[in-house]
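Please read the structure below before turning to the comments.
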Amino acid sequence: MTGLLKSPTTHITGFAIAIASLPFWLIPNSGILAIAIVALLYAAAATAFNLTAGLGGQLSFGHSIFFGLGAYATALLRQDLGWNVWAAVPVALTIAVVAALALALPSARLGGVYFVLVSFVATLALESIATWASDVTGGAAGISLTVGSPAPAELRFENPLGHYYVALILLTTFLGLFAAVTRSNFGLRLRAVRDDPAAAAASGIAVARQRTVSLLVSAALTSLVGVAYLQYISYIDPTSAFGSMTASMIAMPALFGGLGTLWGPVLGATVLISVQQTLNPAFSGLPAGLGLIVFGVLVMALQTIEPKGAVHLLRSGLRHLGQRLGTSKRTAQPAGDSLT
Amino acid sequence: MTGQPLLQVRDLVVQYDGLRALDGVSFDVRRGEFLGLIGPNGAGKSTAFGAIAGTVRPTAGTITFDGRPIQGLAGHRIAKLGISRTFQHVRLFTSLTALENVTVAAATRHRSRRTARLRAQQLLEHVGLAHLATSPVAALSLGHQKLVAIARALANEPCLLMLDEMMSGIADHEWSHILSVLTDLRDTGLTLIVVEHIMEIIDRLTDRVIVFSDGRILAEGNSLDVQAQPAVRATYLGEPIA
């Protein structure tokens, strides 16, 4: 019974049920529902990012590449060829995986700051290309899809609640996958590579291969978030696809919440996206970079207080509270990546 | 004890910018041999380890393992061929438990997670750490960490095991335990190379010693003969107090 209560599957199921019920009692209006949808989508993207950055230690500042490619591929296939979204998904996913492979092959051996730089340059390059190739992409004006009549089977909903549940299903699936990977041999190898690449290689682990595979999986998942985002917004442009704000909104929740933890990206996305969406109206007349500064300040402030992220801060806070209330029993913390 | 060379190093050069860490080093290691590498800090012992294990890329020279050239191969490929190493500064996977540290290496030989875990448990038992299997390695003493490093290196099922300064920084009460583990390893017939500064270990365990100095081989032979050489005394050991 205790094992079942501690199981990540139980936690994820409980989370899914709780979040699924939220619209019925805690989300009073469409404005808050919109924030919740975006938070869920970015929590999913951050969980995908966490797979390669948190478990594999391969930080990137260009996961917007895969998000943007997923969104653009779907937009173009739907608009120009009239494809169904489900037909577009495998294509979007393949394009993102090919892009990840192109990025990984020259840089996976390098890791560290080199991969951060390569991925950041790549996403900026894609933003420029998408702006320049206006005949195909609509240029800076982007692509506005005709919403058409609602068709839930094609992820077109009359009520935004439909998108809320799509985002929740995506996030829940990613969390389940992350938990499964963490406990697998592959996850163990990724954590070894993250902790010490040279020692991992000396133990017979192909470091570059682990990093590449984790990046491909992560890219595929992030592209699915791009597809879901497009279905929700029905619009994509170079900045919202590949821009530095999008790159931040994917990476920062995991950094803020706790890299390598199951719930860190969810907590991070909840806090950061809520702050960002709330401040958006206040920043509307100000330079675009201000939002990024707010993100950066929040992450740095938290890193100063708790370098392992908000999820650890929350956990130690709850433990402290429990002790003060006299209901907590001090238990030894298991090593390894926290699934809390 | 002796046999055909398992490892042949020829004219090995490792150059770091202006520093020549290894300068044309050649030596053999026979199957079943326990070879000691000694010499002052910066003499090139650990660089030789790194070059053999694929951690350091040689500038020139050849390294042949079991009849196959391995110089310049990636570290994981060399590990798969049967060369394992430990590190001077231990370098365990700090977010993993002792058992996970060993399991992740065992899993490179055993596809089944269950089999790999079982093998890891056996190896931890072998080095006397079964009771600490689920402990985070960061919480272990340095001596226990070094034993986990040995178990992790053994999990790769090596033909050649290279141990880098296993005894440095070890508490007195852990000394005899690690020594007995090393003695057991020697008695299994595994080919071993150790880098060590503690001459008692070299005297008690090794069949042969190579003395490094300034990236070159200064002397070679059994421990007592080598220690008697004036050049070795002058460069590394010092003169005995009268």
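A:Gly258 passes all but one of (1) of a type outside the set (Asp, Glu); (2) within 14 Å of chain B (Cβ to nearest Cβ); (3) out of contact with any Gly (no Cβ under 9 Å at 6 or more places or on another chain); which number fails? All conditions are met except number (3).
Being out of contact with any Phe, Trp or Tyr (no Cβ under 8 Å at 6 or more places or on another chain), at pLDDT below 95 and in a loop (DSSP other than H, G, I, E, B) is true of A:Gly285. Scanning segment A:277-290 finds one or more residues that are under 17 Å from the mean Cα position of the chain (by Cα) and either farther than 20 Å from A:Val116 by Cα or among the acidic types (Asp, Glu) (or both).
So that you can scan it fast, the table gives a plain yes or no per residue for (1) within 11 Å of another protein chain (Cβ to nearest Cβ); (2) more than 21 Å from B:Leu6 (Cβ to Cβ):
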| position | (1), (2) |
| --- | --- |
| B:Ala130 | no, yes |
| B:Ala139 | yes, yes |
| B:Cys159 | no, no |
| B:Met162 | yes, no |
| B:Ser168 | no, yes |
| B:Ala171 | no, yes |
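Checking A:Ala220, A:Ala198, A:Ala202, A:Ala208 one by one, the residue that is more than 30 Å from A:Ile169 (Cα to Cα) and touching a helix residue (DSSP H, G or I) at 6+ places or on another chain (Cβ under 6 Å) is A:Ala202 and no other. Scanning segment A:188-206 for residues being within 7 Å of chain B (Cβ to nearest Cβ), more than 23 Å from the chain's Cα centre (by Cα) and on the phi < 0 side of the Ramachandran plot gives a total of 8.
For segment B:100-115, which positions are more than 7 Å from every other protein chain (Cβ to nearest Cβ) and surrounded by fewer than 24 Cβ atoms within 10 Å (Cβ to Cβ)? Across segment B:100-115, the qualifying residues are B:Arg109, B:His110, B:Arg111, B:Ser112, B:Arg114, B:Thr115.
Of the residues in segment B:78-91, not one is buried (at least 16 other Cβ atoms within 10 Å of the Cβ), assigned to a loop (DSSP other than H, G, I, E, B) and aliphatic (A, V, I, L, M).
Determine whether B:Leu123 is aliphatic (A, V, I, L, M), more than 11 Å from every other protein chain (Cβ to nearest Cβ) and under 30 Å from B:Gly42 (Cβ atoms). Considered against the rule, which asks whether it is aliphatic (A, V, I, L, M), more than 11 Å from every other protein chain (Cβ to nearest Cβ) and under 30 Å from B:Gly42 (Cβ atoms), B:Leu123 comes out as no.
B:Ser135 fulfils the conditions (1) surrounded by 24 or more Cβ atoms within 10 Å (Cβ to Cβ); (2) at the interface with another protein chain (Cβ under 8 Å from one of its Cβ atoms); (3) touching a residue at least 12 places away in the same chain (Cβ under 8 Å) except for a single criterion, (1). On the stretch given as segment B:138-164, residues that are acidic (Asp, Glu) and crowded, with 22+ Cβ neighbours inside 10 Å total 1. With respect to (1) within 13 Å of chain A (Cβ to nearest Cβ); (2) modelled with pLDDT of 95 or more, the lone exception for B:Lys146 is condition (1). Confirm whether B:Ser180 is at pLDDT 90 or above and within 19 Å of the chain's Cα centre (by Cα). In short, yes. Does B:Val13 qualify as being at pLDDT 95 or above and closer than 17 Å to B:Asp207 by Cβ? The answer is no for B:Val13. Of all the listed residues (B:Phe49, B:Phe93), the sole one being within 12 Å of another protein chain (Cβ to nearest Cβ) and at pLDDT below 95 is B:Phe49. Taking segment A:70-186 and the helices (runs of 4 or more DSSP H) fully enclosed by it, the elements with 3 or more residues that are of a type in the set (Val, Ile, Thr) and modelled with pLDDT of 90 or more are at A:85-107, A:112-132, A:161-183. From the list B:Gly82, B:Gly75, the lone residue that is within 14 Å of the chain's Cα centre (by Cα) and either within 14 Å of chain A (Cβ to nearest Cβ) or modelled with pLDDT of 95 or more (or both) is B:Gly82. Residues of segment B:105-123 that are in contact (Cβ under 8 Å) with a residue 12 or more places away in the chain, within 19 Å of A:Ala206 (Cβ to Cβ) and in a helix (DSSP H, G or I): B:Ala105, B:Ala106, B:Ala116. For segment B:7-46, filtered to residues that are more than 14 Å from the chain's Cα centre (by Cα) and of a type in the set (Ser, Thr, Tyr), the residue that is nearest to the other protein chains (Cβ to nearest Cβ) is B:Tyr16. Taken over segment B:21-41, the residue count meeting the criterion of being over 13 Å from B:Leu192 (Cα atoms), assigned to a loop (DSSP other than H, G, I, E, B) and touching a strand residue (DSSP E or B) at 6+ places or on another chain (Cβ under 8 Å) is 2.
The values are calculated or read from the model by the stated rules, or taken from the named source; none is laboratory data. Everything numeric in this text was worked out from a predicted model, so none of it was measured. Note that we place each Cβ from the backbone using ideal geometry, even for glycine, and neighbour counts take in every protein chain shown.
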